[in-house]
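All remarks here apply to the structure that follows.
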Amino acid sequence: MANMMKGFAMLGIGKVGWIEKEVPKCGPLDAIVKPLAIAICTSDVHTVYEGALGERTDMILGHEGCGEIVEVGSEVKDFKVGDRVLVPAITPDWNSLEAQAGYSMHSGGMLAGWKFSNFKDGVFAEYFHVNDADGNLALIPDGMSVEEACILSDMVPTGFHSVELADVQFGDTVLVIGIGAVGLMAVAGANLRGASRIICVGTRPVSVEAAKGYGATDFISYKEGTIEEQVLAMTGGKGVDRVCIAGGNVNTFESAIKSLKPGGRIGSVNYLGSGDYVNIPRVEWGCGMSHKQIMSGLMPGGRLRMEKLSSLVASGRLDVKPEITHVFHGWEHTAEALELMRDKPKDLIKPIVIPD
Ligand code: NAD
Ligand code: ZN
């Protein structure tokens with residue numbers, strides 16, 4: 001293997017480009033992986049263009065992809081060179097105290113399970129490093145395309161995590177705010193969990209079409225009146241049982257609280273790229289006594305989740321293909337794919353780059 005590699009990096013806030021770096025070193029528990037496909041995430045856009053994580057210099061971007069193992073550490077038991085693997089966006093240190101406490105995504109500190117393109121170089125490179133390979137990687141099931149494998153990195157686990165956080169139950173009416181790639185997976189997850197009605201906030205035709213396929217029943221636009229007014233009008237003034245937040249901003253929580261029944265629950269996976277405070281409306285929050293719960297989080301990551309969620313795709317219970325609207329061949333399209341994700345043309349859900 002060469003000593004040096006190319007990577008597509010954040011050079012500073014608002015600036016991206018290709019740089020040369022040393023190929024990462026493989027520790028005893030680690031793996032070095034060569035990407036078979038990578039996907040651009042809205043989170044890359046928050047990181048680069050909003051500077052949401054703060055200044056980062058020459059940090060290779062990307063946390064969504066799948067690949068082929070080119071090197072494994074001496075202590076890795078279950079994977080070998082040549083294995084084609086699913087790679088979760090979040091790769092915790094599974095022996096950390098935070099993981100033992102049930103919060104693997106915060107292993108080593110808040111959000112520190114999110115290592116790619118946050119605390120270390122990401123996957124938009126000729127090679128990338130995976131810590132705790134046995135704990136984090138999973139084999140790509142036979143017959144699964146590399147594009148589908150990319151959707152399992154982050155979109156499926158994150159959308160489904162919002163459903164877990166909201167604790168959707170049989171027969172619930174669920175509001176999904178934002179139906180980009182993450183929100184669509186929240187719709188699919190709520191449907192699998194037995195929601196009876198799924199109201200979506202979003203109007204892009206490509207997303208609406210996909211959402212219908214995933215089980216959405218109603219649609220509203222946040223540009224045509226407040227979300228809560230529309231939701232209350234549609235539910236006879238009662239509101240919804242659960243809200244999954246996968247889009248919007250710091251003000252979205254206000255709409256979510258106002259749309260929720262007492263005892264209802266919010267599951268937010270939105271990455272708040274700007275704003276200093278989240279406002280909770282006092283009166284609609286029952287003056288603090290409404291039992292309206294607000295849960296929010298980074299998805300947990302790890303191998304078990306990858307294996308379980310990929311089995312849903314492999315068994316045909318979940319079709320991720322409607323998520324994939326743009327596929328590019330060749331690394332040279334990475335910048336274009338990132339710009340597409342930033343500009344969100346009407347026909348886009350998820351852009352993927354296959355290095356070839
Ligand atoms: P996206 O931009 O494709 O979709 C967001 C949706 O929200 C769009 O449909 C948009 O129309 C809608 N929206 C925008 N402003 C709104 C507003 N004011 N009110 C209501 N809806 C609004 O994004 P995505 O790729 O689906 O990702 C969704 C969010 O999840 C992003 O913030 C992303 O960074 C975050 N994310 C979080 C995690 C995690 O682990 N928690 C992982 C991946 C992505
Ligand atoms: Zn992502």
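The values are calculated or read from the model by the stated rules, or taken from the named source; none is laboratory data. Predicted model only: the values in this text are computed from it and were never measured. No Cβ is skipped: glycine too gets one built from the backbone with ideal geometry, and neighbour counts run over all protein chains shown. SASA here: full protein model, heavy atoms, side chains in, ligands and nucleic acids out. Shrake-Rupley method; radii C 1.70, N 1.55, O 1.52, S 1.80 Å.
Computed extension length for Glu332-His291: 9.7 nm, one decimal, from 0.36 nm per residue of separation with the Cα-Cα distance subtracted.
When Rg and the Kirkwood Rh are both derived from Cα coordinates, the Rg/Rh ratio for the chain amounts to 0.97. Each 5 Å bin from zero up to the one holding the largest Cα-Cα distance in the stretch 193-259 carries the following percent of pairs: 3, 16, 29, 27, 19, 5.
Between the beta carbons of Gln100 and Asp167, assuming R0 = 25 Å, the FRET efficiency works out to 0.65 to the nearest 0.05. For a straight C-alpha distance cut-off of 27 angstrom, the lysines reachable from Lys34 (same-chain residues fewer than eight places away being disregarded) are Lys6, Lys15, Lys21, Lys25, Lys77, Lys80, Lys115, Lys120, Lys308, Lys321, Lys350.
Just round it to a whole percent: the fraction of Cα-Cα distances in the stretch 72-230 exceeding 24 Å. Don't jump to the answer; show the numbers that get you there.
Details: 5821 of 12561 pairs.
In whole percent, the share of Cα-Cα pairs in the stretch 72-230 beyond 24 Å is 46.
Using a 1.4 Å probe on the protein heavy atoms, what percent of the accessible area of the chain belongs to carbon and sulfur?
Details: 7730 of 14860 Å².
Of the solvent-accessible surface of the chain, carbon and sulfur hold 52 percent.
Taking 16 Å as the straight-line reach from the Cα of Lys238, the lysines in range (excluding those fewer than 8 positions away in the same chain) are Lys258, Lys261, Lys292.
Size descriptors for the stretch 61-112 (Cα atoms only): Rg and Dmax, in that order, 13.1, 34 Å.
At 10 °C and 1.306 mPa s, grab the translational diffusion coefficient of the stretch 31-145 from Stokes-Einstein with a Kirkwood Rh over Cα pairs, rounded to a whole number in µm² per second. Please list the in-between numbers first.
On the way: Rh = 14.6 Å.
Rounded, D is 109 µm²/s.
About its Cα centre, the chain has a charge dipole of approximately 960 debye under the convention of +1 per Lys or Arg Cβ and -1 per Asp or Glu Cβ, with nothing else charged. For the stretch 106-199, the equivalent ellipsoid derived from the Cα gyration tensor has semi-axes of 29, 17, 12 Å, listed largest first.
The rule of thumb for compact globular proteins, 2.2 N^0.38 Å, goes into the C-alpha radius of gyration of the stretch 236-280 1.16 times.
Projected area of the stretch 1-59, taken from the Cα convex hull and averaged over every viewing direction, in nm²? Each step should come with its number before you reach the end.
Working: hull surface 20.0 nm².
In nm², the orientation-averaged hull projection of the stretch 1-59 is 5.0.
Surface exposure of the chain, expressed per residue as accessible area with a 1.4 Å probe, stands at 42 Å². Ranked by the mean number of other Cβ atoms within 10 Å of their residues, highest first, the peptides 304-316, 264-276 come out as 264-276, 304-316. Relative contact order of the chain, taken over Cα pairs closer than 8 Å and 6 or more residues apart, is 18 percent. Please give the FRET efficiency for Met110 paired with Val250, using the beta carbon to beta carbon distance and R0 = 25 Å, rounded to the nearest 0.05. Efficiency, rounded to the nearest 0.05: 0.85. Averaging the Cα positions of each part gives two centres, and for the stretch 129-165 and the stretch 243-311 these lie 22 Å apart.
A straight line joining the Cα centroids of the stretch 14-74 and the stretch 336-354 runs 18 Å.
Legend: P(r) of the stretch 230-335 from all alpha carbon pair distances, 5 Å bins from 0, whole percents, reading 2, 10, 14, 15, 15, 14, 13, 9, 5, 2, 1, 0.
The coefficient of translational diffusion for the stretch 152-303, derived via Stokes-Einstein from the alpha carbon Kirkwood radius under 20 °C and 1.002 mPa s, stands at 144 µm²/s. Against the chain, whose longest principal axis comes from its Cα atoms, helix 303-314 is set at around 70 degrees.
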